[in-house]
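Right, one structure below, let's go through it.
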Amino acid sequence: MSGVILEIIIGAAAAILAITLHEAAHGYAAWALGDDTAKLAGRLSLNPVRHIDRVGTIILPGILLIGQLITIGRVAFMFGWAKPVPVAAWRFRDPRRGMMMVAAAGPAMNFFLAWLGALCGWLLPYVSPRAMAPAASFIQDFILANVVLGLFNLLPIPPLDGGRIIVGLLPLPLAQQWARVERAGIAVVLLFIFIIPTAARQLGWQFDPVGTLLNRVVPWTMRLVFNLAGQSV
């Protein structure tokens, strides 16, 4: 198996696991708060197939993967999303606070998984020499996938988790206004991640607010995760 194919498989496995557990965390949080909608829909599952979104999990990542391999010969960036877990907020004692807690469960799971991944680094000396490189690569990709997914979802734009957390924290009148952004939330995210930065580069400008923010925060968060696991980086 070529190095590129193995790299893609390892990266995809790490990302799928991070996304699957992120979505399952939403469902379990809702269930704990009294809403069994996700449970009845079969979404309290670690089976990635149950969380696949045709566009966000297959088509868009596939286009990005093929496009990057053709143009630059490697995978430098991926983006996608899973099928949202169904939640019936009216079943919560406090719907707005309940939705905030359900939203926070996803990124919290990702940061916890990143920490577990860093702890697994202590096991690498006990892995066979043949499996050492793939195992180290998987751990690195798994930590990175969870950190990026957790931080990205904390962006304060509905329907991202951060947007829903903000809706739960704001005074009700402001929360109602901000919640209306959800109707165009994904379009806004795609606009600032892809369309505007790409157009700016074509014009010779550097305007990539989301990318710039993540490039600054992700390395700091990675160091924090490794430090909390007792690993020096």
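The values are calculated or read from the model by the stated rules, or taken from the named source; none is laboratory data. Values in this document were obtained by computation on a predicted structure and should not be read as measured data. Cβ: placed from backbone, ideal geometry, glycine included. Neighbour counts: every protein chain shown. Accessible surface areas use protein heavy atoms only, side chains included; no ligands, DNA or RNA. Shrake-Rupley method; radii C 1.70, N 1.55, O 1.52, S 1.80 Å.
Protection proxy ranking for 214-227, 80-93, using the average of other Cβ atoms within 10 Å per residue and placing the highest first: 80-93, 214-227. Using each residue's phi in segment 35-45, evaluate 6.51 cos²θ - 1.76 cosθ + 1.60 at θ = phi - 60° and report the 3J(HN,Hα) Karplus result to the nearest Hz, with x for Gly and Pro. Ordered by residue, 3J(HN,Hα) equals 10, 9, 4, 5, 4, 5, 7, x, 9, 8, 9 Hz. Taking all protein chains into account, the per residue accessible area for the chain stands at 58 Å² (1.4 Å probe). Quick one: work out Rg over Rh on the C-alpha atoms of the chain, Rh as Kirkwood radius. Looking at the chain, the ratio lands at 0.98. Descending by average beta-carbon neighbour count within 10 Å, the peptides 124-134, 184-194, 162-172, 140-150 line up as 140-150, 162-172, 184-194, 124-134, the highest first. Panel values: segment 146-233, Kirkwood radius from alpha carbon pairs, Stokes-Einstein at 25 °C and 0.890 mPa s, translational diffusion coefficient 167 µm²/s. In order along segment 130-137, the Karplus-derived 3J(HN,Hα) couplings, from 6.51 cos²θ - 1.76 cosθ + 1.60 at θ = phi - 60°, round to 5, 8, 4, 5, x, 5, 5, 5 Hz, and Gly and Pro are given as x. In the chain, a dipole from Cβ-located charges (positive for Lys and Arg, negative for Asp and Glu) runs towards its positive end, and of Phe112, Trp31, Leu44 it is Trp31 whose Cα lies farthest in that direction. For segment 1-137, the fraction of alpha-carbon pairs lying more than 23 Å apart is 47 percent, rounded to a whole number.
Between Thr37 and Asp53, full extension at 0.36 nm per residue minus the direct alpha carbon distance yields a gain of 3.9 nm.
Solvent-accessible area assigned to carbon and sulfur over the chain amounts to 69 percent, based on a 1.4 Å probe. For Lys83, the amide hydrogen comes within under 5 Å of the amide hydrogens of Ile52, Asp53, counting only partners 5 or more places away or on other chains and with H modelled in the peptide plane.
For an R0 of 22 angstrom, estimate the FRET efficiency from the Cβ-Cβ distance between Ala108 and Val217 and round to the nearest 0.05. Please list the in-between numbers first.
Details: r = 16 Å, r/R0 = 0.75.
Once the sixth-power term is evaluated, E becomes 0.85.
Suppose the Debye formula is applied to equal point scatterers at every Cα of segment 175-214; what is log10 I(q)/I(0) at q = 0.15 Å⁻¹? Rounded to two decimals, the profile gives -0.43.
Taking all protein chains as shown and a probe of 1.4 angstrom, Glu23 keeps an accessible surface of around 20 Å². Helix 60-71 and the longest principal axis of the Cα set of the chain meet at an angle near 30°. Treating r as the C-beta distance of Leu65 and Leu124 and R0 as 25 Å, the FRET efficiency rounds to 0.35.
When only the heavy atoms of the protein chains count and the probe is 1.4 Å, how do Arg183, Arg43 rank by accessible area, highest first? Please report the intermediate quantities before stating the final value.
On the way: Arg183 210, Arg43 15 Å².
The residues order as Arg183, Arg43, largest area first.
Across segment 99-106, rounded Karplus estimates of 3J(HN,Hα) from the backbone phi angles (6.51 cos²θ - 1.76 cosθ + 1.60, θ = phi - 60°) give 5, 4, 5, 5, 5, 5, 4, x Hz, Gly and Pro being marked x.
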